[in-house]
Each structure stands twice: as structure tokens, then as C-alpha cells.
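To keep things clear, I will list the structure first and then write my remarks on it.
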Amino acid sequence: MTIEKAARFRALHTAPPLLLPNCWDAASAAVIADAGAAAVATTSAGVAWSLGRPDGDRLDRDAAIALVERVAHAVDVPVTADMESGFGATPKDVAETLAAVAEAGAVGVNIEDADTATPGVLRPIADQAERLAAAREGAGPDLFINARIDIYLAGIGDPETRLEAVIERASAYAAAGANGIFVPGVADADTIANLVQAILLPST
């Protein structure tokens with residue numbers, strides 16, 4: 001990771017919307033960068049499939065980090081890496097993953113709160129906050145940690161209380177060291193507006 005690229009990536013979040021195209025290997029990253037993208041993201045599903053593995057923490061960490069390194073070296077724009085749930089059972093494992101991501105040259109990372117061992121279930125808030133705090137420790141102060149909240153994507157809980165549940169998690173994740181919040185699966189404009197107003201970090 002370079003400090004200059006890290007600063008550039010953070011600055012891209014101050015004047016939204018940030019268009020962040022996904023790549024799955026060095027060649028697709030180069031095509032995206034040549035097309036004018038200001039930054040490139042890896043996609044966990046695309047990366048896993050391109051390496052002959054299913055999505056959902058089925059790819060081993062070394063293979064994922066090696067892919068991130070190839071992508072980061074293939075382009076001159078900032079790269080953020082989708083590291084699924086952190087490639088590890090413990091917070092210490094997550095810290096090691098994030099240290100490796102930074103060493104590989106990425107300046108950002110996406111960490112989801114789904115418990116991949118139990119489809120449709122999220123990790124308890126305190127557990128995920130601990131994992132994100134470990135991620136921050138491993139990553140250092142400059143790498144951008146985007147915390148993903150899968151409540152809407154997985155259709156978890158009462159629809160009437162999902163907004164409050166997301167905001168509760170976002171607050172805990174921000175306190176743990178996250179720089180941004182990613183809430184996939186939201187299509188309703190009013191819900192998106194409410195999330196943006198309630199979450200102080202950059203949110204998508």
C-alpha cells in the first residue's frame with residue numbers, strides 16, 4: 001500500500017457518488033482502469049470463480065491475497081479488495097488478513113458481517129465489531145475499511161425494523177474503526193436517503 005494512493009482513495013469518498021467497477025483478475029482490472037475508472041475493486045465471487053472455487057469464504061487466504069497483489073501491480077489507480085468475512089475464524093486471523101492486504105498493495109478492503117458457516121445469519125454485533133477492530137489493527141491507520149451489512153441483502157428480520165438494525169450495526173462498526181458502510185440489497189430511494197442521513201461515514 002502506498003500512502004499517496006490511500007489518500008487518493010479516501011478523497012474519492014468525499015465527493016460521492018464514487019463509481020467503483022469490479023474486477024476479477026489483473027487483465028480485467030487493467031481494462032477497467034484504461035476505461036477511465038478512478039479506482040478498482042475486486043469482487044469476491046468473480047475472484048473465486050476465476051480461480052475455480054465457489055464464493056463464500058471457500059477460497060483460501062493465500063490465493064485471495066496473491067490475486068490482490070497481481071491486480072494492485074497491474075494498475076496505477078487505487079485498488080480495494082473484497083475479503084469476504086476476513087478469511088479467518090478469529091479476530092487475530094482477520095488482523096493477519098488485513099496486514100497481508102496492505103502488504104499486497106491494496107488501499108481499501110470490504111469486510112462483510114454474514115456468518116458464512118450459517119447462510120442467512122449475521123454475526124452478533126459485538127463479535128463483528130471485534131473482528132473489525134482487529135482488521136483496523138492489522139491494516140494500520142491508512143487502509144480504508146468498508147464494513148458491509150447484509151440485513152437487506154439477506155432479508156433478515158422484520159422489514160419494519162431493518163433500518164434501525166442497520167443503523168445500530170453501522171454505529172458499532174464505525175466505533176470499531178470502519179471508514180465506510182456498505183448496505184447491499186437496498187433499492188428503495190427513501191430507505192437509501194434515511195441511511196445516508198443516519199450514517200455519518202460514507203455509505204453505499
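The values are calculated or read from the model by the stated rules, or taken from the named source; none is laboratory data. In this text the structure is predicted, and so the values were computed from the model without any measurement. All Cβ positions, even for glycine, are placed from backbone atoms using ideal geometry, and neighbour counts span all protein chains on display. We work out accessible area using only protein heavy atoms, side chains counted, and drop any ligands, DNA or RNA first. Shrake-Rupley method; radii C 1.70, N 1.55, O 1.52, S 1.80 Å.
Filter the range 90-105 for residues that are assigned to a loop (DSSP other than H, G, I, E, B) and of a type in the set (Val, Ile, Thr) and give the result.
To start, the set of residues in the range 90-105 that are assigned to a loop (DSSP other than H, G, I, E, B) comprises 90, 105.
The one that is assigned to a loop (DSSP other than H, G, I, E, B) and of a type in the set (Val, Ile, Thr): THR90.
Here is a yes/no grid of residues against (1) within 19 Å of GLY86 (Cα to Cα); (2) in contact with a Lys or Arg (Cβ under 7 Å, 6 or more places away or on another chain); (3) aromatic (Phe, Trp, Tyr):
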| residue | (1), (2), (3) |
| --- | --- |
| LYS5 | no, no, no |
| SER28 | no, no, no |
| VAL31 | no, no, no |
| ALA48 | yes, yes, no |
| GLY56 | yes, no, no |
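Considering only the range 148-171, how many residues are over 12 Å from LEU200 (Cα atoms), open to solvent by 20 Å² or more (accessible area, probe 1.4 Å) and of a type in the set (A, V, I, L, M, F, W, C)?
5
Given the structure, is ALA66 of a type in the set (Gly, Ala, Ser) and either in a loop (DSSP other than H, G, I, E, B) or farther than 30 Å from THR118 by Cβ (or both)?
Values: of a type in the set (Gly, Ala, Ser): yes; either in a loop (DSSP other than H, G, I, E, B) or farther than 30 Å from THR118 by Cβ (or both): no.
For ALA66, the condition - of a type in the set (Gly, Ala, Ser) and either in a loop (DSSP other than H, G, I, E, B) or farther than 30 Å from THR118 by Cβ (or both) - is not met.
In the range 65-94, what residues are of a type in the set (A, V, I, L, M, F, W, C) and closer than 24 Å to LEU19 by Cβ? First the steps, then the outcome.
The initial filter retains those residues of the range 65-94 that are of a type in the set (A, V, I, L, M, F, W, C), namely 65-68, 71-72, 74-75, 77, 79, 81, 83, 87, 89, 94.
If the condition is that a residue be of a type in the set (A, V, I, L, M, F, W, C) and closer than 24 Å to LEU19 by Cβ, then LEU67, VAL68, VAL71, ALA72, ALA74, VAL75, VAL77, VAL79, ALA81, MET83 are the ones that fit.
From THR80, THR43, THR118, THR97, grab the single residue that is within 15 Å of the chain's Cα centre (by Cα) and farther than 22 Å from GLY140 by Cβ.
Numbers: THR80 fails: farther than 22 Å from GLY140 by Cβ; THR118 fails: within 15 Å of the chain's Cα centre (by Cα); THR97 fails: farther than 22 Å from GLY140 by Cβ.
One residue alone meets the criteria, THR43.
Does the range 47-73 hold any residues that are touching a Cys at 6+ places or on another chain (Cβ under 9 Å) and touching a residue at least 40 places away in the same chain (Cβ under 8 Å), and which are they?
From the range 47-73, those touching a Cys at 6+ places or on another chain (Cβ under 9 Å) are 47, 71; that's our starting set.
Matches in the range 47-73: VAL71 only.
Which of the residues that make up the range 101-122 are surrounded by fewer than 22 Cβ atoms within 10 Å (Cβ to Cβ), small (Gly, Ala, Ser) and either in contact (Cβ under 8 Å) with a residue 12 or more places away in the chain or at positive phi (or both)?
ALA102, ALA104, GLY105, GLY120
In this structure, does ALA135 turn out to be of a type in the set (A, V, I, L, M), in contact (Cβ under 8 Å) with a residue 12 or more places away in the chain, open to solvent by less than 50 Å² (accessible area, probe 1.4 Å) and out of contact with any strand residue (DSSP E or B) (no Cβ under 7 Å at 6 or more places or on another chain)?
Numbers: of a type in the set (A, V, I, L, M): yes; in contact (Cβ under 8 Å) with a residue 12 or more places away in the chain: yes; open to solvent by less than 50 Å² (accessible area, probe 1.4 Å): yes; out of contact with any strand residue (DSSP E or B) (no Cβ under 7 Å at 6 or more places or on another chain): no.
Spelling it out, it is not the case that ALA135 is of a type in the set (A, V, I, L, M), in contact (Cβ under 8 Å) with a residue 12 or more places away in the chain, open to solvent by less than 50 Å² (accessible area, probe 1.4 Å) and out of contact with any strand residue (DSSP E or B) (no Cβ under 7 Å at 6 or more places or on another chain).
Please report, ordered by residue number, the helices (runs of 4 or more DSSP H) entirely within the range 106-194 with at least 2 residues that are basic (Lys, Arg). Full working, then the answer.
On the way: elements: 125-139, 151-154, 162-176.
Answer list for the range 106-194: 125-139, 162-176.
Kindly indicate which of PRO141, PRO184 is under 24 Å from ALA95 (Cβ atoms) and surrounded by fewer than 19 Cβ atoms within 10 Å (Cβ to Cβ).
On the way: PRO184 fails: under 24 Å from ALA95 (Cβ atoms).
Sole residue among the options that is under 24 Å from ALA95 (Cβ atoms) and surrounded by fewer than 19 Cβ atoms within 10 Å (Cβ to Cβ): PRO141.
Looking at the structure I just gave you, is PHE87 in a helix (DSSP H, G or I) and not β-branched (Val, Ile, Thr)? Break it down stepwise before answering.
Numbers: in a helix (DSSP H, G or I): no; not β-branched (Val, Ile, Thr): yes.
Here the answer is no, as PHE87 does not meet what is asked.
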